[in-house]
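Engineer: Got a structure here, written out as structure tokens. Questions coming.
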Amino acid sequence: MKVIVCDSYESQCAAGADIIEKIVREKPDCCLGLATGSSPVGMYKELARRCREEGLDFSKVSTVNLDEYIGLEPTHEQSYRYFMDSNLFDHINIDKANTYVAKGTGDIDANIAEFRSVIAKSDVELQVLGVGADGHLAFNEPGPSLYWSAHKETLDESTISANARFFADRDEVPRYAVTMGIGEIMMAKRLLMILSGSNKEEAARLLLMSDDVTCACPATLMKLHHDATVILTKELADKIGYKA
Ligand code: GLP
């Protein structure tokens, strides 16, 4: 894995945006795999600025997202469709018809089938990733085994607690999600993780300071990919004792 250590969250986001910008400029009709969560927000902001001020052109880009909560309509402020629109798509010149976030309401089995077929048809150039405090990737929670393809996932109590900060009440946090599977994530040509957040030390340690590849920390599966990049701040690197 390639590891980039940055002085600040801002430079971490700029480094991530540099990688995406290069791909979009070289292949204007590429497909990007995108992620939600707080970690990539600054990078999306920076990409929007480059689109606005520097002509970075997303008009031919298509996207597919990692996951969606079950039970939230796309118009719900905490749905991942809403997140993507408000944090990125509304601020760049992308054709929203070419952006895909799985549906979290209606017939979930049909939604999963559709999600799997969209992923199968997408030739994802780069997949953006964050990591959950418990080491989850997308919404693939730690467990005795992981799934290759898109499926319904029961969220861990720790994930519900971590994501409760976005909801008025913990009881409002969905208990289930649809998520891309680990195999589908690994099919992307490149992986890019923005490793950020105060509760990420344990996952960061297992990812960067150990040789383990374990279902107990799905993020460690990234180590199996031939072109994976992790970007983190010096502060987090120092906390876990990582030296470049
Ligand atoms: C959610 C998403 C993940 C994301 C994680 C971490 O659970 N499903 O894809 O990586 O949150 O989010 P944050 O960056 O806010 O810590």
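Engineer: Collect residues whose amide H, placed 1.01 Å from N in the peptide plane, falls under 5 Å from the amide H of residue 100; neighbours closer than 5 in sequence don't count.
Structural biologist: The list, which skips near neighbours in sequence, is 63, 64, 65.
Engineer: Take every Cα pair under 8 Å in the range 49-160 that's 6+ residues apart, average their separations, divide by the length, and report that relative contact order as a whole percent.
Structural biologist: Reported as a whole number, the value is 23 percent.
Engineer: Just from the alpha-carbon atoms, what are the Rg and Dmax of the range 1-113 in angstroms?
Structural biologist: For the range 1-113, the Cα-based Rg and Dmax read 14.8, 45 Å.
Engineer: Let me have the relative contact order for the chain, percent, based on Cα pairs under 8 Å that are six or more residues apart.
Structural biologist: Once divided by the residue count of the chain, the mean separation gives 26 percent.
Engineer: While we're on this one: Got a sec? How would 69, 100 order by Cβ neighbour count within 10 Å, fewest to most?
Structural biologist: Going from sparsest to densest Cβ surroundings: 100, 69.
Engineer: Tally Lys and Arg at +1 and Asp and Glu at -1 over the other residues with C-beta under 15 Å from the C-beta of residue 3: what net charge comes out?
Structural biologist: Within the 15 Å Cβ shell, the charges total +3.
Engineer: By the gyration tensor of its Cα atoms, with a ≥ b ≥ c the square roots of the eigenvalues, what is the shape of the range 118-244: rounded for a/c under 1.5, prolate for a/b over b/c, or oblate?
Structural biologist: Here the range 118-244 falls in the oblate category.
Engineer: Largest first and in whole Å, what are the equivalent-ellipsoid semi-axes of the range 36-76 based on the Cα gyration tensor, each being the root of 5 times an eigenvalue?
Structural biologist: Ellipsoid semi-axes (Å, largest first): 25, 13, 9.
Engineer: Residue by residue through the range 31-39, what is 3J(HN,Hα) from phi via Karplus (6.51 cos²θ - 1.76 cosθ + 1.60, θ = phi - 60°)? Round to whole Hz and write x for glycine and proline.
Structural biologist: After applying 6.51 cos²θ - 1.76 cosθ + 1.60, I find 10, 9, x, 10, 10, 9, x, 5, 4 Hz.
Engineer: Let me check I've understood the local charge: for residue 84, count other residues with C-beta under 15 angstrom from its C-beta, Lys and Arg +1, Asp and Glu -1. What total comes out?
Structural biologist: Local charge sum for residue 84: -3.
Engineer: Can you sort 9, 147 from fewest to most other Cβ atoms within 10 Å of each residue's own Cβ?
Structural biologist: Going from least to most buried by this count: 147, 9.
Engineer: Next question, about the same structure. Would you mind calculating the relative contact order of the range 117-198 from Cα pairs under 8 angstrom and at least 6 residues apart, reporting the percent as a whole number?
Structural biologist: That works out to 43 percent.
Engineer: Can I ask one more? Give the share of C-alpha pairs in each 10 angstrom bin for the range 154-229, from 0 to the last occupied bin, in whole percents, shortest bins first.
Structural biologist: Using 10 Å bins, I get a P(r) of 16, 41, 35, 9, 0 for the range 154-229.
Computed from the coordinates by the stated procedures, all read-outs in this text should not be read as laboratory data. Here the structure is a predicted model, which is why all the values come from computation and not from measurement. Please note: Cβ atoms are built from the backbone with ideal geometry, for glycine as well, and neighbour counts cover all protein chains shown.
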